[in-house]
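Below is one structure, written out as structure tokens; the observations come after it.
A short reminder: the numbers here are calculations on the coordinates, not readings from a lab. Predicted, not measured: the structure shown is a model, and the values here were computed from it. Using ideal geometry, Cβ is built from the backbone for each residue, glycine included, and neighbour counts are taken over all protein chains shown.
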Amino acid sequence: MTDRPGSFRGSQPSKPCPEARFAVFLLALGKAHRQNSRLFFGVDPSVANIKSAEKRAQQTIKRRARNMAARSKLRTAIKSVVSAVQAGDKADAAAKLKAAAPVIDSMVNKGVIHRNKAARHKSHLSARVKEMGAE
């Protein structure tokens, strides 16, 4: 097998090959790539030929990692209220609902979820906590 120009083997190319750029990009991305391997869906982000398109691809990956972390934080806050309700501890459920409401609102401000979805979550959670008092 012969070495093609720009491959990892052989002499150092003047312009890095796509594989080398992708490896450097993965190193720069660091923790976000290691945390979630679904980030790329097996696609090389450096397929763009235009510099601005490469930059947009990198920005999209970073934004997606940030949104996934924010969505995870939202789900965790909601699940903590639900688990407290299921455990039957009304005081703990009320405290966790009070802590979850600002998290839900901040996800609206960040554009992670729609404001109607946030209102629906808060409404359903508060209804479940109120229901505990009636029992």
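The HN-Hα couplings worked out from phi for the range 88-101 by the Karplus form 6.51 cos²θ - 1.76 cosθ + 1.60 (θ = phi - 60°) are x, 9, 5, 5, 5, 5, 5, 5, 5, 5, 5, 7, 7, 4 Hz, whole numbers, x standing for Gly and Pro. Highest mean packing comes first when the peptides 105-111, 90-96 are listed by Cβ atoms within 10 Å, giving 90-96, 105-111. Using r as the Cβ-Cβ distance of A134 and I113, and R0 as 30 Å, what FRET efficiency do you calculate, to the nearest 0.05? That gives a FRET efficiency of 0.55. Using a cut-off of 18 Å between Cα atoms, the listed pairs K62/K117; K73/K130; K98/K122; K79/K122 include K62/K117; K73/K130 as exceeding that distance.
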